[in-house]
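Chemist: One structure, as structure tokens, below. Some questions next.
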Amino acid sequence: MTNPIVNLSDIQTARERIAGKIVRTPTVLSTGLSERLGVPVHLKLEHRQTTGSFKLRGASNAVASLSADGKRLGVVAASTGNHGRALAHAAKLEGIRAVICMSRLVPENKVSEIRRLGADICIVGKSQDDAQEEVDRLVAEEGLTMVPPFDHAAVIAGQGTVGLEMLDDVPDAAMVVTPVSGGGLAAGVAAAIKGRNPSIKVIGVSMERGAAMQASLAAGKPVLVEEMPTLADSLGGGIGLENRLTFSMIRDLLDGIVLVSEEEIAAGIVHAYAEEREIVEGAGAVGIAALLAGKIAVEGPVVILMSGRNIDMALHRKIVCGEWAA
Ligand SMILES: *Cc1c(COP(=O)(O)O)cnc(C)c1O
């Protein structure tokens, strides 16, 4: 294993920096999954994090790492999803300005949710690219600091604190299973886990419909994949053709990535709800989905990371009532 770009000590520093700003989420044993798999299966309930996902850890660490000038001028991002929510909340807690740029096509409920968290909303153009252009302008002309959703050292270190907590709770873990999209979460978690004990396996899970990291690993460099609608919408989007950090960290640190279908993701959401009594979004259910589908050669004890819960509740109801079909 080569020395990762973000290492265990960066993640330990992040943990001290964000302590008290995030929830220290619990890890619980799933008796049902343990019985089914024949090894102890633990669930890291990170979907219970404030703002509904782990993204608050990376955003809080990035905000806390700003210079005095950086804090005075504020932060900006183009995300309408969990990263936007997290950055809005983290900035408010720190008493600094956050601007979240989005296109005119973003639905009003998403806009008002991020506004409610305390961010200034800037609505421009008709696409994510237009929103990103406005972010670049605010950085160049008004001196705001852009906080990207994954390809950023302080963000990766913040996400890695989930890994430290998992090992504190399950010190004899043999395997950790984490969702992968842009790879900030998996890179940070893997750096934390392998930094403590390189023999623990770290397996990533993405959805079949648009697995950008897996396609990039197969190609040996970051590549574009077609974006498709998926239940795991928080895993959508590319890894960036100019990816600097997460691609190489994932390549060097992960022991494999498996893909799950839409039906399998739905089954994961149903299991989380009916058997674990937890509400998770599609991205948060991919680990359970992969286990239930028999896609991972499980070594126990295994810890499954449940990453988020921001699902449209009408959709969730349909899925758990069996009224949803791919
Ligand atoms: C962002 C996100 C992921 C994926 O994280 P990456 O760092 O982009 O790989 C997984 N689950 C949820 C709920 C997310 O919001």
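The values are calculated or read from the model by the stated rules, or taken from the named source; none is laboratory data. Predicted model, so just to flag it, every value in this text is computed and none were measured. No Cβ is skipped: glycine too gets one built from the backbone with ideal geometry, and neighbour counts run over all protein chains shown. The area values use the complete protein model at the heavy-atom level, side chains included, leaving out ligands, DNA and RNA. Shrake-Rupley method; radii C 1.70, N 1.55, O 1.52, S 1.80 Å.
Chemist: In segment 215-267, which GluC sites (Glu not before Pro) fall in coil by DSSP and have 16 or fewer other Cβ atoms within 10 Å?
Modeler: Answer in residue order: GLU226, GLU227, GLU242.
Chemist: Could I ask something else about it? Keeping all protein chains in place, calculate the accessible area per residue for segment 187-310 (probe 1.4 angstrom), answer in Å².
Modeler: Value returned for segment 187-310: 37 Å² of accessible area per residue.
Chemist: A further question on this structure: For VAL139, what is the net charge nearby, where nearby means another residue's Cβ is under 14 Å from its Cβ and Lys, Arg count +1, Asp, Glu -1?
Modeler: -4
Chemist: Separate question: Please build a GNM for the chain, connecting alpha carbons under 10 Å apart, and tell me which residue among GLY74, GLY282, GLY220 fluctuates the most.
Modeler: GLY220
Chemist: Take the alpha carbon atoms of segment 50-107, find their center, do the same for segment 249-326, and report the distance between the two centers in whole angstrom.
Modeler: Centre-to-centre (Cα) distance: 26 Å.
Chemist: Just THR13, THR230, THR246 to compare: in a GNM of the chain, with alpha carbon springs under 10 Å, which one fluctuates most?
Modeler: Residue with maximal mean-square fluctuation among THR13, THR230, THR246: THR13.
Chemist: Another question, then. Beyond 16 Å, what percent of the Cα pairs of segment 56-146 remain? Walk me through the numbers before you get to the answer.
Modeler: Numbers: 1925 of 4095 pairs.
Roughly 47 percent, once rounded to a whole number.
Chemist: Additional query: Just to be sure I understand: with springs between alpha-carbon atoms less than 10 Å apart, which residue in ARG115, ARG85, ARG57 has the highest mean-square fluctuation in the Gaussian network model of the chain?
Modeler: ARG115
Chemist: Here's something else I'd like to know. With a 1.4 Å probe and every protein chain left in place, work out the accessible area per residue of segment 56-146 in Å², rounded to a whole number.
Modeler: Per residue, segment 56-146 has an accessible area of 45 Å².
Chemist: Also, I was wondering about something else. Which links in LYS110/LYS221; LYS110/LYS295; LYS71/LYS110; LYS194/LYS295; LYS201/LYS295; LYS126/LYS221 stretch past 24 Å when you go from one Cα to the other?
Modeler: Pairs exceeding the cut-off: LYS110/LYS221; LYS110/LYS295; LYS71/LYS110; LYS126/LYS221.
Chemist: Work out the P(r) tail for the chain: percent of alpha carbon pairs separated by more than 29 Å, whole number.
Modeler: Of the Cα pairs, 32 percent sit more than 29 Å apart.
Chemist: Probe radius 1.4 Å, ligands and nucleic acids ignored: give me the carbon and sulfur share of the accessible area of the chain as a rounded percent.
Modeler: 50 percent
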